[in-house]
Structure formats: structure tokens, C-alpha cells
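Everything below concerns the one structure shown next.
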Amino acid sequence: MNAVVITIISIIASAVISFLIAKWQMRRKKIVHFFVNSYEIGKGLSIEFPEFQLTYKGEGLPDNVCVIKGGIMNIGKKDIDGLKGESDIIMNLPKGCNVRALKVHPSNENLWIQSGFNGNTIDFGIKELFVSDEYFDYTAIVENIDNPQNIKFSHRIKDTKKEIKNIVVGPDFIKKDSGILKSISTYLILFGIPAVLYFWKWLEEGGLLYIVLLAFFAFFLIFSLYFVIIMEDNRHVLKVLKRAQNESKKK
């Protein structure tokens, strides 16, 4: 078996192994938080315009007020059941923050969410069942927060990964393309394999060119594996959110 065949088989095998490892990394039950965006309200305006005053329900608000948008999604392969709707997921904002208002929107009418807040914590309760790929998003008004992405989570859900990963999807997530892995595969097929076929004599003989091409393939294969494993959650969230937005546009 010559070097060309061995290299082609190695490329195909690496792609298959990368895919299987990524799927293996997907836990049966896994919850993630997706951060969409945040924006400040009226910061500095009360200094330049003393007559300007932010209020909520008749009470004055400080300059450092931020609106945070995000959500919680079950990206595991299995539904999460046995939930009681009592502080199943706790959102902990930095010390000194104060939540003033909260709105929660389930992805469908069958997902029942109970929410509440106190100081710098927000509680989300899910009743009975959290189906795979279901999610709920929220909008919160928070005082005295410097970094809206600096949020930590804890939960009381059994047989689920303790850490809730924070994924930043951004306000334009519908425009994002999650097909980087496809692009890498395309480059390997359109450029890598023809290069191997063209330089197969040098590959058989070894030498500097062989080392350069081998390093080239190794770099792209390692990067592909990294992207599949590390970015799998991000791509999954984007896919679900894109599908939800496309379905809402059809209605």
C-alpha cells in the first residue's frame, strides 16, 4: 500500500473519529446558558441632563442599569424529567448587582417555567419535564453590573452535568454560519488530497516536502477535532435557535 492510499485513509479515518468523539462528548443530559446580548440604559445622561431620570414603577434607577438577554436550553439527547418547578436552576450575578425586573418566555406552551429574583440571584423552576432542545429565554433589568457575561449558574437537577456552560451567541446569531467544519473538510478534499496525489513521489521518498505536507494535514485535523468537540455545544444552540426563528417567520 503506497503513501497516497495511506494518507487518504488517514484523512477519512480522522474525520470519522472526530465526529464520533464529538457525539460521545454530548452528554445524555446537559444544560447550557446562551447569552444573547446586553445594553446599558441612560448611562451618563443624568450628568449631562440633570432633568433626565430613569424610573421603574415610580422608583428612581441609578445610571448603571443594564438590560440582559439570554436563555437556558437542554441540549442533551435525553429529556429531563421529575422536575418540581422549585428553583431548579439558579443564576448568580456578581456581588453588588440588583435585579429589578425579569420576563421569561418558554420556547413552547408545553414548557412551564416559574421564575423569581432576589438581590443578585434569579431562580428558574421547571415543572415536570424539560424536553431535549427545549429552551426558555429571559430579559432582565439589572443595576450595578459591570460585565453582564460574568454570570455563574448552579442547579439541582439529578444526573446532569454540574457545570452550566455559558455560550455567547450574540444578537445576530441568525446570521452566523456554523459550517466551519464543512469548510475545513472541503479544503482537505479539494486541496489536500490533490496535493498528496501530485506529490506522491516525494511523499514516498520522504524529505522536507513530506514533513511540510504532513504538518499541514496534522494542523487542520487537530483544528477540526478541536472545533468539533469544543464548539459542538455552540453549533447545537445556534441550530435550535435558527430553526425556532425560521418557524416563527412562517407563522
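Derivation of every value follows stated rules applied to the coordinates shown; laboratory data play no part. Values in this document were obtained by computation on a predicted structure and should not be read as measured data. In this analysis, Cβ positions are derived from the backbone assuming ideal geometry, glycine residues included, and neighbour counts consider all displayed protein chains.
The modelled label-to-label distance for the pair D159/V67, using points 7 Å beyond Cα in the direction of Cβ, is 4.1 nm. For K77, a cut-off of 15 angstrom between C-alpha atoms picks up these aspartates and glutamates, skipping any fewer than 8 places away in its own chain: D133, E134, D159, E232, D233. For q values of 0.16, 0.27 Å⁻¹, compute log₁₀ I(q)/I(0) with the Debye formula on a Cα-only model of region 62-145, without solvent. Once normalised to I(0) and log-transformed, intensities are -0.61, -1.32. With both labels modelled 7 Å from their Cα along Cα-to-Cβ, the R100 to E40 distance reads 1.5 nm. Grab the beta carbon distance between N110 and E48, set R0 = 45 Å, and tell me the FRET efficiency rounded to 0.05. Once the sixth-power term is evaluated, E becomes 0.40.
Here the calculated FRET efficiency for L129 and E247, from their Cβ-Cβ distance with R0 = 22 Å, stands at 0.60, rounded to the nearest 0.05. Each of P50, N74, V99 was scored by the projection of its Cα onto the charge dipole of region 47-116, and the greatest displacement toward the positive side belongs to N74; charges sit on the C-beta of Lys, Arg, Asp and Glu.
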